[in-house]
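First the structure, in the form of structure tokens, and then the observations on it.
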Amino acid sequence: MAALRDAATALDVDDLVDLCYASASDALRVSIYLEGLRGRSGEKAQVAACVLCFDLARRGDERRETELQLLLPALDELIARDARGDATPARELAAISVTVAALWAELSSHAMARDRRTVAERSMDIDEGFIEVDLFDSDEFAELALELEDIELALDLDDEVLRAFDEGLNRLIPPMPGLLFSADTSADLERLEGLRELCTSFASKLPVAAELLAMTQLFIATHTRALGFFSRRNRRRDKALTEGLTALLSLPAPPVDGIGWFTATDIPGSDDVAWPKMAEVLLELAAFVGHDVDKNPGRYRPDVPNERWARGVVEAFVADPSSARIAPRLTDRSDRRRR
């Protein structure tokens, strides 16, 4: 394959794409030609890279699918020009072969139908272990401990924690008529991510934060498309659904305060279909449990700690195909957006 890599690096864009699809190409061959496009400038090289990346993603390469998501915004204007019939590098590449033309057409269709809301990632997914950052060294900790010994806390700890949570929450509430729970724009998703982080920080100390964390994760899940490219499960949505339902089932009592953000009050909470969409997920979960409890009674043992029991049930539900196609039982809206 070394000779193939050298050839791919030496070819111009048209010849590289032509050679790649002159005959049936396996994933390894396409990957090598894609690497041959790395670092090349110009629209034609960009389009060619997207076409090859799309081909690999279509074959099941999840890493290439992630790369493609990052590349697509740069193609939006080019796709619009191509749709108008303008002369574009994409048309030149599509003229090379029927295979390339079909790939470009399918790629354009996916690009136009994709969820265009984006959120800057705040953390990297780590398969194993954690990254720890020491903000203080041992000497600083000792000095800090000595200073704290000389301070008499005048405020009750619970009151102080609640006040800190309220202050953080108030900073996230948008000006009227904005809604705390909205998912229409990138700014909305940034705010929801901030809310999720805030609630995560306080969930172990404040029941209201634990309730709101569960509701936030469930809201995010119901406003994220369940299926992504090629009708594959959206892992981001599945993660939010798993975390939200696990947190909800692990609560010691119903989330009375958390649900208040989704009812008709003076609080700038959510639109009128947010709760029905979330409730539809809970109805689907209840239906799943009703059918599953007889087949897998071990998941529902009362001696298992609540959170571990909840996660086992939720993970089984999220793995079931029914969790990706929630029936619209509570609303007549034809626009089942993000489903």
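The values are calculated or read from the model by the stated rules, or taken from the named source; none is laboratory data. The model shown is predicted, which means the values in this text are computed figures rather than measured ones. Quick reminder, even Gly has a Cβ in these numbers, built from the backbone with ideal geometry, and neighbours come from all protein chains shown.
List of remarks:
- Selection count where residues are at positive phi and either touching an Asp or Glu at 6+ places or on another chain (Cβ under 6 Å) or without any contact (Cβ under 8 Å) to a residue 60 or more places away in the chain (or both), scope region 194-231: 1
- Condition check for I79: surrounded by 17 or more Cβ atoms within 10 Å (Cβ to Cβ), of a type in the set (V, I, T), more than 23 Å from S109 (Cα to Cα) and free of Cβ contacts under 8 Å to residues at least 60 places away in the same chain: no
So that you can scan it fast, the table gives a plain yes or no per residue for (1) in contact with a Phe, Trp or Tyr (Cβ under 8 Å, 6 or more places away or on another chain); (2) surrounded by fewer than 16 Cβ atoms within 10 Å (Cβ to Cβ); (3) not in a helix (DSSP H, G or I):
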residue: Y33; (1), (2), (3): no, no, no
residue: K44; (1), (2), (3): no, no, no
residue: L52; (1), (2), (3): yes, no, no
residue: L56; (1), (2), (3): no, no, no
residue: T99; (1), (2), (3): yes, no, no
residue: A102; (1), (2), (3): no, yes, no
residue: S108; (1), (2), (3): no, no, no
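- Among the residues of this structure, L330 counts as one that is modelled with pLDDT of 80 or more, within 20 Å of G258 (Cβ to Cβ) and not in a helix (DSSP H, G or I).
- Boolean, A253 is assigned by TED's automatic domain parsing to the domain that holds E193, free of Cβ contacts under 8 Å to residues at least 60 places away in the same chain and not in a helix (DSSP H, G or I): yes
- Selection status of V293, part of a helix (DSSP H, G or I) and at pLDDT below 85: yes
- In this structure, E243 does not qualify as free of Cβ contacts under 8 Å to residues at least 12 places away in the same chain and either part of a helix (DSSP H, G or I) or of a type in the set (D, E, K, R) (or both).
- The numbered conditions (1) farther than 26 Å from S231 by Cα; (2) part of a helix (DSSP H, G or I) are all true for L78 except (1).
- Residue satisfying condition, being touching a residue at least 60 places away in the same chain (Cβ under 8 Å), assigned by TED's automatic domain parsing to the domain that holds S108, touching a Cys at 6+ places or on another chain (Cβ under 6 Å) and not in a loop (DSSP other than H, G, I, E, B), within set L93, L68: L68
- Matching residues, region 305-324, being within 21 Å of the chain's Cα centre (by Cα) and of a type in the set (D, E): E315, D320
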